Amino acid sequence: MNDVYLFIEAEKTTHGVAFLCRLLNVARSSFYAWLCAGKTRAARRASDDALAHEINVLHIASKSTYGAPRIHAELRRLGRRINRKRVERIMRERGITGHTRRGLTRQVMPRSRMRRFLRRQRRR
(Lines give C-alpha, C1' and ligand atoms only; values in the text may rest on other atoms or scores of the structure.)
Protein backbone atom coordinates (compact mmCIF):
# COMPACT_ATOMS: atom_id res chain seq x y z
CA MET A 1 0.00 0.00 0.00
CA ASN A 2 2.93 2.28 0.70
CA ASP A 3 3.96 2.06 -2.96
CA VAL A 4 0.51 3.24 -4.06
CA TYR A 5 0.73 6.28 -1.81
CA LEU A 6 4.25 7.04 -3.06
CA PHE A 7 2.95 6.86 -6.63
CA ILE A 8 0.10 9.25 -5.83
CA GLU A 9 2.57 11.61 -4.15
CA ALA A 10 4.80 11.59 -7.24
CA GLU A 11 1.97 12.03 -9.75
CA LYS A 12 -0.19 14.55 -7.92
CA THR A 13 1.44 17.41 -9.80
CA THR A 14 0.22 16.09 -13.17
CA HIS A 15 -3.16 14.65 -12.08
CA GLY A 16 -5.53 15.45 -9.27
CA VAL A 17 -5.35 13.46 -6.04
CA ALA A 18 -9.06 12.60 -6.24
CA PHE A 19 -8.63 11.20 -9.76
CA LEU A 20 -5.57 9.13 -8.82
CA CYS A 21 -7.26 7.75 -5.70
CA ARG A 22 -10.33 6.74 -7.72
CA LEU A 23 -8.11 5.17 -10.38
CA LEU A 24 -6.09 3.17 -7.84
CA ASN A 25 -9.12 2.34 -5.69
CA VAL A 26 -7.72 4.05 -2.59
CA ALA A 27 -9.61 6.25 -0.15
CA ARG A 28 -8.50 9.86 -0.43
CA SER A 29 -8.60 10.23 3.35
CA SER A 30 -6.16 7.31 3.66
CA PHE A 31 -3.71 9.05 1.34
CA TYR A 32 -3.88 12.27 3.33
CA ALA A 33 -3.51 10.35 6.62
CA TRP A 34 -0.41 8.67 5.19
CA LEU A 35 0.88 12.05 4.05
CA CYS A 36 0.43 13.62 7.50
CA ALA A 37 2.11 10.67 9.21
CA GLY A 38 5.34 11.22 7.23
CA LYS A 39 6.94 13.35 9.93
CA THR A 40 6.09 10.75 12.56
CA ARG A 41 7.62 7.97 10.43
CA ALA A 42 10.79 10.03 9.94
CA ALA A 43 11.07 10.72 13.67
CA ARG A 44 10.59 7.02 14.47
CA ARG A 45 13.20 6.06 11.90
CA ALA A 46 15.70 8.52 13.43
CA SER A 47 14.91 7.19 16.91
CA ASP A 48 15.38 3.61 15.71
CA ASP A 49 18.74 4.51 14.16
CA ALA A 50 19.95 6.08 17.42
CA LEU A 51 18.76 3.05 19.39
CA ALA A 52 20.40 0.71 16.86
CA HIS A 53 23.70 2.49 17.46
CA GLU A 54 23.37 1.98 21.24
CA ILE A 55 22.44 -1.67 20.74
CA ASN A 56 25.42 -2.16 18.45
CA VAL A 57 27.79 -0.61 21.01
CA LEU A 58 26.44 -2.87 23.78
CA HIS A 59 26.59 -5.89 21.49
CA ILE A 60 30.22 -5.25 20.58
CA ALA A 61 31.08 -4.62 24.24
CA SER A 62 29.66 -8.06 25.07
CA LYS A 63 31.93 -9.64 22.43
CA SER A 64 28.85 -10.30 20.27
CA THR A 65 27.35 -12.70 22.80
CA TYR A 66 24.35 -10.74 24.10
CA GLY A 67 20.97 -11.37 22.51
CA ALA A 68 17.82 -9.27 22.74
CA PRO A 69 16.92 -10.11 26.38
CA ARG A 70 20.34 -9.17 27.74
CA ILE A 71 20.62 -6.08 25.56
CA HIS A 72 17.18 -5.01 26.79
CA ALA A 73 18.22 -5.57 30.41
CA GLU A 74 21.41 -3.58 29.85
CA LEU A 75 19.48 -0.69 28.32
CA ARG A 76 17.13 -0.74 31.31
CA ARG A 77 20.13 -0.58 33.66
CA LEU A 78 21.35 2.46 31.73
CA GLY A 79 17.99 4.16 32.28
CA ARG A 80 16.43 3.67 28.83
CA ARG A 81 12.78 2.59 29.01
CA ILE A 82 12.32 0.62 25.81
CA ASN A 83 10.07 -2.28 24.95
CA ARG A 84 11.82 -5.62 24.56
CA LYS A 85 9.97 -6.32 21.31
CA ARG A 86 11.30 -3.08 19.84
CA VAL A 87 14.84 -4.15 20.74
CA GLU A 88 14.17 -7.53 19.11
CA ARG A 89 12.79 -5.87 15.96
CA ILE A 90 15.74 -3.50 15.60
CA MET A 91 18.24 -6.29 16.18
CA ARG A 92 16.46 -8.48 13.62
CA GLU A 93 16.32 -5.69 11.01
CA ARG A 94 20.01 -4.86 11.47
CA GLY A 95 21.13 -8.51 11.59
CA ILE A 96 22.50 -8.30 15.14
CA THR A 97 22.42 -11.73 16.77
CA GLY A 98 23.77 -13.11 20.01
CA HIS A 99 26.08 -16.10 20.00
CA THR A 100 26.77 -18.49 22.82
CA ARG A 101 30.42 -19.00 23.60
CA ARG A 102 31.03 -22.62 24.34
CA GLY A 103 34.17 -23.48 26.23
CA LEU A 104 35.96 -26.77 26.44
CA THR A 105 33.96 -29.35 28.31
CA ARG A 106 35.69 -31.63 30.74
CA GLN A 107 34.68 -35.22 31.05
CA VAL A 108 33.70 -36.13 34.56
CA MET A 109 35.29 -39.30 35.80
CA PRO A 110 33.04 -41.64 37.80
CA ARG A 111 33.93 -41.89 41.50
CA SER A 112 35.01 -45.52 41.31
CA ARG A 113 37.47 -44.80 38.52
CA MET A 114 38.67 -41.69 40.37
CA ARG A 115 39.40 -43.76 43.50
CA ARG A 116 41.34 -46.34 41.48
CA PHE A 117 43.31 -43.59 39.79
CA LEU A 118 44.16 -41.92 43.12
CA ARG A 119 45.21 -45.28 44.67
CA ARG A 120 47.56 -45.93 41.77
CA GLN A 121 49.03 -42.43 42.11
CA ARG A 122 49.71 -42.95 45.85
CA ARG A 123 51.52 -46.22 45.19
CA ARG A 124 54.02 -44.58 42.91
Next item on the list: Leaving out ligands and nucleic acids, note down the accessible area per residue over the range 1-79 with a 1.4 angstrom probe, in whole Å².
Entry: 68
Check: Got a number for carbon plus sulfur as a percent of the chain's accessible area, 1.4 Å probe?
Finding: 52
Next item on the list: Please report, to two decimal places, log10 I(q)/I(0) for the chain at q = 0.18 Å⁻¹ as given by the Debye formula with identical point scatterers on the Cα atoms and no solvent.
Entry: -0.92
Note to self: Between ARG86 and LEU6, what is 0.36 nm times their sequence separation minus the Cα-Cα distance? Round to one decimal in nm.
What the structure shows: 26.2 nm
Check: Three principal axis extents, largest first, for the C-alpha atoms of the range 1-43, in Å?
Finding: 31, 18, 14
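Using only helices, what value at 222 nm comes out for the chain when you add -39,500 (n - 2.57) per DSSP H run of length 4 or more and divide by the total residues, to the nearest 500 deg cm²/dmol? List each step's numbers first, then the result.
Details: 7 runs with 85 residues, N = 124.
So the helix-based figure for the chain works out to -21500 deg cm²/dmol.
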Next item on the list: Starting from the Kirkwood radius over alpha-carbon pairs of the range 11-71, derive D by Stokes-Einstein at 37 °C in a medium of 0.692 mPa s and give it in µm² s⁻¹.
Entry: 221
Notebook entry, point to check: So how tilted is helix 2-11 from the main axis of the chain? Cα-based, degrees 0 to 90, rounded to 10.
Noted result: 40
Item checked: Spin-label pair PHE19/LEU78, simplified geometry with 7 Å Cα→Cβ offset, distance in nm -> 5.2
Item checked: Electrostatic dipole magnitude of the range 1-113 [Cβ: Lys, Arg +1; Asp, Glu -1; Cα centre; debye, to 20] -> 1060
Check: Of LYS85, LYS12, LYS39, which is the most mobile in a GNM of the chain whose springs link Cα atoms less than 10 angstrom apart?
Finding: LYS12
Item checked: Label-point separation in nm, PHE117 to ALA61, each point 7 Å along Cα→Cβ -> 4.1
Next item on the list: Return the distance in nm (one decimal) between the two label points of a simple spin-label model at ARG45 and SER29, each offset 7 Å from Cα along Cα→Cβ.
Entry: 2.7
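The values are calculated or read from the model by the stated rules, or taken from the named source; none is laboratory data. Please read all numbers here as calculations on a predicted model, not as lab measurements. Virtual Cβ from ideal backbone geometry, glycine too; neighbours counted across all protein chains shown. Surface accessibility is based on the protein's heavy atoms, side chains included, excluding ligands, DNA and RNA. Shrake-Rupley method; radii C 1.70, N 1.55, O 1.52, S 1.80 Å.
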